[in-house]
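This report refers to the structure that appears directly beneath it.
The values are calculated or read from the model by the stated rules, or taken from the named source; none is laboratory data. Keep in mind the model is a prediction, meaning the values are calculated, not measured. Cβ: placed from backbone, ideal geometry, glycine included. Neighbour counts: every protein chain shown. Areas reflect the complete protein model, heavy atoms only, side chains present, ligands, DNA and RNA absent. Shrake-Rupley method; radii C 1.70, N 1.55, O 1.52, S 1.80 Å.
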Amino acid sequence: MRARYGVPLGIMAAGAAGLAYAAGFEARSFRLRRVTVPVLPPGMRPLRVLQVSDIHMVGGQRKKQRWLQSLAGLRPDFVINTGDNLSDPEGVPEVLDALGPLMEFPGAYVFGSNDYYGPKLRNPARYLMEKTSGRHGLNGNKPAVGAIHNPWEDLRDGFDSAGWLNLTNTRGVLKVEGVSIELTGLDDPHIKRDRYAHVAGGPSGTYDFSFGVVHAPYLRSLDAFTADGYPLILAGHTHGGQLCIPFYGALVTNCDLDTDRVKGLSTHTAEGNTSYLHVSAGCGTNRYTPVRFACPPEATLLTLVGRERE
């Protein structure tokens with residue numbers, strides 16, 4: 001009897017322990033990552049940028065709210081929110097409360113698909129199947145039917161009233177202690193709302209520094225930003241793979257970006273130009289898959305410094 005059932009029971013116990021760790025501990029083990037990026041013009045003073053992404057707020061997530069509020073103690077020069085703030089149609093007040101202290105700083109934002117639409121229960125294996133077939137989001141899949149519409153307009157109004165720039169397929173300028181920063185943003189490529197033609201042309205050359213912002217790092221968007229000469233692109237969406245294999249890494253990115261660049265700082269090359277790319281692993285999860293493994297929730301403090309003189 002022991003020989004027949006001992007191994008399966010052991011596997012079940014290990015699986016239950018792993019699930020308890022992924023949902024009960026790691027998914028709430030928030031941390032700050034620090035990255036230095038040499039992208040500013042030589043001689044320009046460093047800029048400290050706090051990137052928050054993929055909050056996926058659900059009612060009652062008090063620890064996440066308190067942690068986000070505490071990030072204001074970093075005193076960043078400005079904040080970039082790369083979308084997917086919601087995983088609950090009732091979550092807007094809690095998002096605005098959590099980000100309230102950060103909205104005292106200059107900032108800008110783009111939205112992701114989960115800001116517009118509520119999540120649906122999905123088989124996690126579909127992400128692997130979509131990766132194999134090359135289909136992600138609405139990029140090759142049929143349009144969603146019966147989707148829940150989130151009150152994204154309330155979220156937009158809250159951010160706008162705090163003075164954050166809405167970068168939905170448009171440009172904006174932040175001024176931080178005498179430094180002017182040109183931002184070019186796209187709506188979410190995951191649901192085909194990106195309109196790069198509206199913002200094409202690259203940095204205007206009239207500001208101290210320029211960079212691109214998008215929620216989902218689809219290659220078409222990264223190619224466009226890079227070809228146009230933006231030295232830096234900030235994105236989110238991937239959750240860093242969310243369920244990763246220790247010593248191996250992510251299995252999926254939920255877009256056409258390769259898994260080697262699923263999170264953190266890397267580079268992207270297009271038409272002879274190279275940009276730095278930073279993909280945030282985000283600090284939340286879809287409400288129906290509230291687990292993370294080998295990929296803790298995060299925000300990132302990027303210190304932008306001068307590049308070496310040529």
5 Å-binned pair-distance histogram of the range 121-203 (Cα, whole percent): 3, 11, 14, 18, 16, 14, 12, 8, 4, 1
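As an exercise, take the mean of 1/r over every pair of distinct alpha carbons in the range 262-310, invert it, and state the Kirkwood radius in angstroms.
Numbers: mean 1/r = 0.0735 Å⁻¹.
Averaging 1/r across every pair of different Cα atoms and inverting gives 13.6 Å.
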query: With the chain treated as a Gaussian network of Cα nodes joined by springs under 10 Å, which of HIS149, HIS278, HIS268 yields the largest mean-square fluctuation?
result: HIS149
- line: Expected vector for the range 139-145, Karplus 3J(HN,Hα) from phi with 6.51, -1.76, 1.60 and θ = phi - 60°, integer Hz, x for Gly and Pro, equals 7, x, 8, 5, x, 5, 10
Label-to-label distance, nm, for residues given as SER180 and SER29 (7 Å Cα→Cβ offset): 4.6
task: For the range 287-300, just list the computed ³J(HN,Hα) in residue order, Karplus coefficients 6.51, -1.76 and 1.60, θ = phi - 60°, integers in Hz, with x standing in for Gly and Pro.
output: 4, 8, 9, x, 9, 9, 9, 6, 7, x, x, 8, 10, 10
query: For the range 170-239, with equal point scatterers placed on the C-alpha atoms only and solvent neglected, what are the log10 I(q)/I(0) values from the Debye formula at q = 0.12, 0.26 1/Å, to two decimals?
result: -0.29, -1.17
statement: Amide H contacts under 5 Å for THR300, restricted to residues at least 5 apart in sequence or on another chain and with H modeled in the peptide plane, are ARG33, GLN51
statement: Applied in sequence order to the range 221-230, the curve 6.51 cos²θ - 1.76 cosθ + 1.60 (Karplus, θ = phi - 60°) yields integer Hz couplings, x standing for Gly and Pro, of 6, 5, 4, 5, 4, 5, 4, 7, x, 6
- request: With N denoting the number of residues in the range 163-310, provide Rg(C-alpha) divided by 2.2 N^0.38 Å, to two decimal places.
  value: 1.07
- prompt: With all protein chains present and a 1.4 Å probe, how do VAL179, VAL145 order by accessible area, largest first?
  reply: VAL145, VAL179
query: How far, in degrees from 0 to 90, does helix 152-161 lean away from the longest principal axis of the Cα atoms of the chain, to the nearest 10?
result: 40
task: Subtracting the Cα-Cα distance from 0.36 nm times the residue separation, let me have the gained length for ALA270 to ASP208 in nm, one decimal.
output: 20.0 nm
- line: Cα-only Rg/Rh for the chain with Kirkwood Rh rounds to 0.99
query: What are the aspartates and glutamates whose alpha-carbon lies under 19 Å from the alpha-carbon of LYS142, with same-chain residues fewer than 8 places away excluded?
result: GLU130, ASP188, ASP194, ASP256
message: Just to be sure I follow the definition: excluding the sites themselves, where is the longest run in the chain that has none of the trypsin sites (Lys or Arg not before Pro) in a DSSP loop with at most 16 other Cβ atoms within 10 Å?
response: 1-119
